[in-house]
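Reviewing the structure listed below.
The values are calculated or read from the model by the stated rules, or taken from the named source; none is laboratory data. All values reported here derive from a predicted model rather than from experimental measurement. For neighbour counting, all protein chains shown are included, and Cβ atoms are generated from backbone atoms with ideal geometry for every residue, glycine included. Just the protein is used for accessible areas: all its heavy atoms, side chains included, with ligands, DNA and RNA removed. Shrake-Rupley method; radii C 1.70, N 1.55, O 1.52, S 1.80 Å.
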Amino acid sequence: MVVENWVPMDGDTFVTSDGFIMNTFGYEHPEAHVFAFLKYIPAKYKDMFNVEMLERTWRYGQTELFRAEKLYTAKNYQVFIEAFRKNFPDYLVYDKNRGKEIISAPLDRIENVFVPRERLVWLQNLSQRDELQSKALDLIKLISEEAKVALSDMGLHGSLALNMHAPHSDIDFVVYGADNFRLVEAAVERLVNGAKLSYIVGNRLDAARKFQGRYQGKIYMYNATRQFNEVQTKFGQYKYTPLVQVQFQATICSDRETMYRPATYKISNYKPLNIESELPVDKIPTQIVSNIGCYRNVAKQGSEIKVSGKLEKVEATSANEDSKVFYQVVVGTATSEEEYIWPITI
């Protein structure tokens, strides 16, 4: 895709002129930059990033690529920030409304963009497909028909989308829009019940999300991306002030935006689990925001969750905006490994 016409959306993948392959994070981006997380590192830069790497390598064109063994830990994120600061400072932006540096690729360093919706069209139009490509298209069509969600509201993600997959790679696809995602979720359950698909459940979060499984011997997984008309906020609209670390139990009162990244859980019945988490009534959080992908869609409306995260004060930066101050808890601040959302009831 031509970068000049690109509206960055969560999960879009791009390649920079330095050879980094990154995934867009979220929907609010500073001018001339795109918030992102680092997915693949060119071999020539491997030693700059002092983290454990997977033994397997990938190849994009002539470039050999490595990937961190753990992409989403607070420790690794800080290592990435330090590596960029020393070697590629243009990949960092200081967000004054959050009071911290965030990995963010300069738009003028982005050479190629892979949008999942467009990559599915590419796969459909491919004249010759290998076995994995054919199975991926068959799977997405099967789910599209069962869910009655148009193929134009679905997309291809991961190594398949970049055409740098191996025979054993996963099938990673995207569903656009909250309503479509719920239709797909229900369709996948019906297909599992009919033995056309199966779930892979490795832990409690997998059991709650039911986002990955097997299709004809291949592992698949899927996530959600907002439709353009579902993006309601813009960069710089709010100021976020971190306060204290809290641990609590709560009830989900809305799961409308829990499938996205960041995932938003509206909550009620805040119950502190330690003295430090006891809050005055006016500071009790009304929502949880998770920046960590594995905590997407782990609880439905009416269910109970246990949470550890950072309490934030949120206030509008403009008098023209809603001036009401509210409080939220953020999971995935990149400052602690002890931040989570655990479903108590599913």
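Beta carbons within 10 angstrom, averaged per residue: use that to sort the peptides 37-46, 68-77, highest first.
37-46, 68-77
Please compute the contact order of the chain in relative form: average sequence separation of alpha-carbon pairs under 8 Å and at least six residues apart, divided by the residue count, as a percent.
Numbers: 718 pairs, mean separation 47.9, N = 346.
Relative contact order for the chain comes out at 14 percent.
Which residue, chosen from 48, 279, 144, occupies the Cα position most advanced towards the positive end of the dipole of the chain, where the dipole is computed from +1 (Lys, Arg) and -1 (Asp, Glu) charges on Cβ about the Cα centre?
The listed residue farthest towards the positive side: 144.
When the accessible area of the chain is split by element with a 1.4 Å probe, what percent falls to carbon and sulfur? Could the numbers behind the result be given before it?
Details: 7830 of 16290 Å².
With neighbouring chains kept in place, the figure for the chain is 48 percent.
If you wrap a convex hull around the Cα atoms of the chain, how much volume per residue is inside, in Å³?
On the way: hull volume 49.5 nm³, N = 346.
Per-residue hull volume (Cα only) is 143 Å³.
Quick one: accessible area per residue over the range 56-108, 1.4 Å probe, rounded to a whole number of Å²? Display every interim value, and only then the final one.
Working: 3000 Å² over 53 residues.
That works out to 57 Å² for each residue.
Determine the calculated [θ] at 222 nm for the chain from helices alone, applying -39500 (n - 2.57) to every DSSP H run no shorter than 4 residues and normalising by the residue count; nearest 500 deg cm²/dmol.
On the way: 6 runs with 67 residues, N = 346.
So the calculated ellipticity at 222 nm is -6000 deg cm²/dmol.
Taking the Cα centre of the range 51-144 as origin, work out the dipole magnitude from +1 charges on Lys and Arg Cβ and -1 charges on Asp and Glu Cβ, in debye rounded to 20.
Working: 16 positive and 14 negative charges, 57 e Å.
Here the range 51-144 has a charge dipole of around 280 debye.
How much accessible area per residue does the range 141-210 have, counting only protein heavy atoms and a probe of 1.4 Å, in square angstrom?
Numbers: 2980 Å² over 70 residues.
For the range 141-210, the solvent-accessible area averages 43 Å² per residue.
Measure of size requested: the Rg and Dmax of the range 179-232, with Cα atoms as the atom set and Å as the unit; please supply both.
Over the range 179-232's Cα set, Rg and Dmax evaluate to 12.6, 40 Å.
Alpha carbon centre of the range 10-47 versus the range 270-346: separation in Å?
27 Å
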